[in-house]
Every structure is written in C-alpha cells, then in structure tokens.
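Encoded as structure tokens, the structure appears first; notes follow it.
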Amino acid sequence: MKKFQILSLRSIILYIFSTMVAVAMVGSILTLWYTYHMDNLLVSVVKQDMVLYKAVQEMELALANQKGFLTYYLVDGDAKWLESLGQYRAIFKQSYEEAVSLNLSKAQHSTLQHIESEYKKYIDAKDHAIEDYREHKINRSVNGSAINNGDDTNTKNNLSVSSMHSAQRER
C-alpha cells in the first residue's frame, strides 16, 4: 500500500488515462490492419468466384438453350436446328474450359468433372437420337413412304404438328 501512497492522485489518473489511450490506439491500428487484409481477401475471392460463377452461368444457359433444338429438328427435319445445337455445344465447352482453368478446390474440380461426365452422356444420347432419326429417315426413303394400313391419322398428326411449329416460328 505504500507504493500507491507515494503516487499522487493526479499521476494515477494520468497513468490510467495514458493506458486507455494506448489501448485505444493499438486497437485502432489492429482494426485498420485487419480491415485492409479482409478487403484484399474479399476482393481476391470475389474476383475468382465471380469468374467461376459467370462461367457456370454460361454453361447453364448454353445447356438450357440446347434443350429444344433436337425436338425442333425431329419435327421439321431442318438442319439449321442442328447447327444451332452445335453452336451452343461450343459455348458450353468454352465455358467449361474457362471454369476448369481457374484455381479451384478439389471439391469444385470433382463437381466440374461430374458435370462433364453427365454432359458427355447427355450429348451421346442426343447424337444417338439424331443418328436414329437419320437412319429411320433413310430407311423410309429407301423402302418408299411410310406403311399405311388405311389409317392416315399418323400423317395428319405429323403434318399438323409441323404446321403448328412453322406457324409458331413465323410469329
């Protein structure tokens, strides 16, 4: 107790105030340092993730746009639908390659590999359907017209679907 009796009240208050100012200054400096590093981290993550997000979004859009082209081709047999399908396949492939080229985690890489394997199955199935359609079309032209057992409903249905599709495209 004798130590505190030697110090005056004024010096004790000055000591406490100085300590509080020092703690506040150190806290401020640490907060600025932390904010600077968090800003750099956030900017780098956003740049990487936004590029990945954009690439994945382009993949999704290209895949969604591929959805109807095979059906359109099967309905009217116009090869322009297959050309459009090829364009969107190229867009998907380009977006996929952009996503793979990024610095990704193992989980993200495995997800992209899974997407690629499922996409290959999807493409193979579509290509198989196109080949089957072409083979069926060739067989029909070699064997003559479609076999008609006195029932023209198939032909009428095909014509009506084709004419509806043409009318829809003209709008």
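Details
- Counting only residues that are touching a residue at least 40 places away in the same chain (Cβ under 8 Å) and open to solvent by 50 Å² or more (accessible area, probe 1.4 Å), segment 89-100 holds 1 of them.
- Exactly one residue out of 103, 139, 143, 154 is open to solvent by 70 Å² or more (accessible area, probe 1.4 Å), of a type outside the set (Val, Ile, Thr), within 31 Å of the chain's Cα centre (by Cα) and modelled with pLDDT under 90: that is 103.
- The residue that is farthest from residue 122 (Cα to Cα), counting only those in segment 69-96 that are among the aliphatic types (A, V, I, L, M) and in contact with a Phe, Trp or Tyr (Cβ under 8 Å, 6 or more places away or on another chain), is 79.
- Members of segment 72-83 that are open to solvent by less than 80 Å² (accessible area, probe 1.4 Å) and of a type in the set (Ser, Thr, Tyr): 73
- Of all residues in segment 113-128, those that are of a type in the set (A, V, I, L, M, F, W, C) and either surrounded by 12 or more Cβ atoms within 10 Å (Cβ to Cβ) or within 15 Å of residue 86 (Cβ to Cβ) (or both) total 2.
- Single unsatisfied condition, residue 86 versus (1) exposed (fewer than 13 other Cβ atoms within 10 Å of the Cβ); (2) over 30 Å from residue 133 (Cβ atoms): (2)
- Residue 24 vs. criteria aliphatic (A, V, I, L, M), closer than 30 Å to residue 133 by Cα and without any contact (Cβ under 8 Å) to a residue 40 or more places away in the chain: no
- Residue list for segment 45-64, restricted to those being over 13 Å from the mean Cα position of the chain (by Cα) and in contact (Cβ under 8 Å) with a residue 24 or more places away in the chain: 48
The values are calculated or read from the model by the stated rules, or taken from the named source; none is laboratory data. Note that this is a predicted model, so its numbers are computed, not measured. Reconstructed Cβ throughout: ideal geometry from the backbone, glycine too, with neighbour counts over all protein chains shown. Side chains included, ligands, DNA and RNA excluded: accessible areas come from the protein's heavy atoms. Shrake-Rupley method; radii C 1.70, N 1.55, O 1.52, S 1.80 Å.
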